[in-house]
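A short worksheet on the structure shown next.
Derivation of every value follows stated rules applied to the coordinates shown; laboratory data play no part. A quick note: this is a predicted structure, and the numbers were derived from the prediction, not measured. For neighbour counting, all protein chains shown are included, and Cβ atoms are generated from backbone atoms with ideal geometry for every residue, glycine included.
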Amino acid sequence: MLLHNGGNDGEIRVLLRDSSRCPAAQLPMPGESGTATKIQKDPLSYLPCSTIVECSRGRVLYGPKNPSANLYLIIIGMVAVQRIAADGRSVLVDIYKTDELFGESALIGMCDTHEQATALEDTKVMIWARHEVEELVVRQPRFGIALLQWLTQRSIELTHRIESFSSEQIDQRLARSLIHLSQRFGQPLEDGSIRMMPITHELLSRYVGTSRELVTQRMNEFRRLGYVPYSRKEIVLYPEALRKVFGIHVATT
C-alpha cells in the first residue's frame, strides 16, 4: 500500500502493525514500579502500537500540498520539520530522531499548510490519527497531562530559539545551534570534542535564520580557528571553546 507523498519520486510504504515496536511496550506502565499515583511524564508510555510507515531518504511525509492530520513517532531514522513562508522561504524548526514525536500541529484540528516534514535518511515512523490521540486522552487522562508537559517543553525550547534570533548575531546563533545539535546527535570524544553527522550548510542556514553563503563563510572561519574541524563525512566541534568565545550558555540534554 502506498501513501501520497506530495509529488516526490519514490514511494512511502505502509507496513503492518508491529507490536514489538509499540512505544508503550518499551516503557514501564503506570504503577508497575510501585508508584501508582505518580504521573508518567513521557507520552510514549501511553501510546499503543499503530501503523508503521516506511519512507526513503528525501521523501516528504507531509507538506503544503498534503498537510498531515497525524502525530508521528520516529522508529528509526531522522526527520527535518520546516515552516514554509508564503514567499517560499523556509525555517528549520528542528531535526527529530529515533523515539521522538513530531507533527503535533495536527492536534489543533486544523490542517497546517505551512509545515513540511522530510526524511533525512531512510526512516520508519509510527502514526496516530488526531481522533485516535483524542480518544486516548479521554480514556487515559494521565496521557493528556504527559502530552501537555511534552508540548510545553517543546514550546519553551522554541521560545529560546526566538530569543536567540532577536538578540544574537549570526556567529552566536550558529555556534549555539551547533552546540545544540551536537548535544542531540553527537558522540563525545576523549579530547572534549563532539563528533556528529554532517549537516549541509543549506540546512544549517535554515536553522540559524540566515543565508547559506553566510553560514559557509562562518563555518570556514570556525574551521580555520580550530573550533569546528568539519568535512563532508562528519562535523567535529569543541563546544567549550565555542561557549567561551561567544559567551554561550546551553543546558545539557
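For residue 167 paired with residue 122, estimate the spin-label separation in nm (one decimal), with each label point 7 Å from Cα along the Cα-to-Cβ line.
4.5
Using only the alpha carbons of segment 54-108, what is the convex hull's orientation-averaged projected area in square nanometres?
4.1
From the mean inverse distance of alpha carbon pairs (Kirkwood) and the Cα radius of gyration, derive Rg over Rh for segment 100-181.
Ratio of gyration radius to Kirkwood radius for segment 100-181: 1.04.
Starting from the Cα-Cα distance between residue 183 and residue 83, subtract it from 0.36 nm times their residue separation and give me the gain in nm to one decimal.
Result: 33.7 nm gained on full extension.
Can you give the three extents of the C-alpha atoms in segment 169-246 along their principal axes, from longest to shortest, in whole Å?
For segment 169-246, the Cα spread along each principal axis is 34, 25, 22 Å.
Identify the trypsin sites (Lys or Arg not before Pro) of segment 168-244 meeting these criteria: DSSP loop state and at most 10 other C-beta atoms within 10 Å of the C-beta.
232, 233
What FRET efficiency do you get for residue 114 and residue 149 if R0 is 25 Å and r is their Cβ-Cβ distance, rounded to the nearest 0.05?
Efficiency at R0 = 25 Å is approximately 0.45.
On a 30 Å Cα-Cα criterion, which of the cross-link pairs 65/124; 65/233; 124/233; 41/244 come out too long? Display every interim value, and only then the final one.
Details: 65/124 21 Å; 65/233 33 Å; 124/233 23 Å; 41/244 34 Å.
The pairs that break the limit, which is 30 Å between Cα atoms, are 65/233; 41/244.
Multiply the residue separation of residue 217 and residue 97 by 0.36 nm, subtract the distance between their alpha-carbon atoms, and state the gained length in nm to one decimal.
Length gained between residue 217 and residue 97: 40.4 nm.
Could you grab the Rg to Rh ratio for segment 94-253? Cα atoms only, Kirkwood for Rh.
Radius of gyration over Kirkwood radius for segment 94-253 works out to 1.02.
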